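S.K.: My questions will all concern the structure given below.
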Amino acid sequence: PNLQTMEAIYLYPSLCLFEGTVISVGRGTDKPFEQWGNPEIPAKGMDEFMPMSRVGATSPPFEGKICYGRIATISDVQKAKKGIQLDYLLEMYARYPDKEKFFNSFFEKLAGTKLLRQQIIFGMKADAIRNSWKPGLDNFKKIRSKYLLYAES
């Protein structure tokens, strides 16, 4: 019920990491997984939305409170089609006033390890984080190659 559009489906791999933070992904709105924010983000220059209880999202985070953040643009969706967009996560971390409370214990389960959290706290840029994944991805591609039924194009 929370992935209602193709836009939300494209954005989901990037936005699902927010489920391990204090950032709302718009559950309880007309655009779940197409917007993200928190009532404590400074409002200046931000979009806003207000989660309300509804079918598929009873008692959503920040119900009845204005959340300040971003509503996905066509450009955001086009970028998300190409892969995980870390900039959304990095921007919200930078804007959130209490860094100690930004992450919750679920973040490591979503990310797979504590490394991504550490990289964000350390201030790494999205490209540097993505480059840190390359050795593991290359190793995975090597292992999986003998199981592929068809040649990659």
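The values are calculated or read from the model by the stated rules, or taken from the named source; none is laboratory data. Given the structure is predicted, the values throughout are model-derived calculations rather than measurements. Cβ coordinates were reconstructed from backbone atoms using ideal geometry, including for glycine residues, and neighbour counts include every protein chain displayed. Remember, those area values only see protein heavy atoms, side chains included, never the ligands or the DNA or RNA. Shrake-Rupley method; radii C 1.70, N 1.55, O 1.52, S 1.80 Å.
S.K.: Output the residues belonging to region 10-31 that are of a type in the set (A, V, I, L, M) and under 16 Å from LYS79 (Cα atoms).
M.R.: Within region 10-31, LEU11, LEU15 meet the criteria.
S.K.: Would you tally the residues in region 69-107 being open to solvent by less than 50 Å² (accessible area, probe 1.4 Å) and part of a helix (DSSP H, G or I)?
M.R.: Going through region 69-107 one residue at a time, the tally reaches 10.
S.K.: Tell me, which residue of region 17-30 that is in a loop (DSSP other than H, G, I, E, B) and in contact with a strand residue (DSSP E or B) (Cβ under 7 Å, 6 or more places away or on another chain) is surrounded by the fewest Cβ atoms within 10 Å (Cβ to Cβ)?
M.R.: Only one residue tops the list, namely VAL22.
S.K.: Which of the residues spanning region 108-129 are more than 20 Å from GLY20 (Cα to Cα) and open to solvent by 100 Å² or more (accessible area, probe 1.4 Å)?
M.R.: ASP127 - this is the single residue of region 108-129 that is more than 20 Å from GLY20 (Cα to Cα) and open to solvent by 100 Å² or more (accessible area, probe 1.4 Å).
S.K.: OK, next. Which members of region 130-150 meet the condition of being open to solvent by 100 Å² or more (accessible area, probe 1.4 Å) and not in a helix (DSSP H, G or I)?
M.R.: The answer is LEU149, TYR150.
S.K.: Limited to region 66-83, what total is found for residues that are under 14 Å from the mean Cα position of the chain (by Cα) and modelled with pLDDT of 95 or more?
M.R.: The number of residues fulfilling the criteria is 9.
S.K.: Would you tally the residues in region 112-129 being part of a helix (DSSP H, G or I) and either modelled with pLDDT under 95 or of a type in the set (Val, Ile, Thr) (or both)?
M.R.: The number of residues fulfilling the criteria is 3.
S.K.: If you check every pair at least six apart or on different chains, which have Cβ atoms under 8 Å apart with a residue in region 1-20 that is over 15 Å from ALA57 (Cβ atoms) first and a residue that is of a type in the set (S, T, N, Q) and open to solvent by 20 Å² or more (accessible area, probe 1.4 Å) second?
M.R.: SER14/GLN85; GLY20/ASN104; GLY20/SER105
S.K.: If you check ALA94 against the conditions, is it more than 20 Å from GLY136 (Cβ to Cβ) and free of Cβ contacts under 8 Å to residues at least 40 places away in the same chain?
M.R.: Yes: the conditions hold for ALA94.
S.K.: Turning to a different aspect of this structure: When you check SER132 against the structure, is it polar (S, T, N, Q), in contact with an Asp or Glu (Cβ under 7 Å, 6 or more places away or on another chain) and more than 14 Å from LEU17 (Cα to Cα), yes or no?
M.R.: The answer is no for SER132.
S.K.: Also, quick follow-up: State yes or no: is PHE107 modelled with pLDDT of 95 or more, touching a Gly at 6+ places or on another chain (Cβ under 8 Å) and not charged (D, E, K, R)?
M.R.: yes
S.K.: Let me ask another. Restricting attention to region 38-68, which residues are small (Gly, Ala, Ser), open to solvent by less than 70 Å² (accessible area, probe 1.4 Å) and on the phi > 0 side of the Ramachandran plot?
M.R.: Scanning region 38-68 gives GLY56, GLY64.
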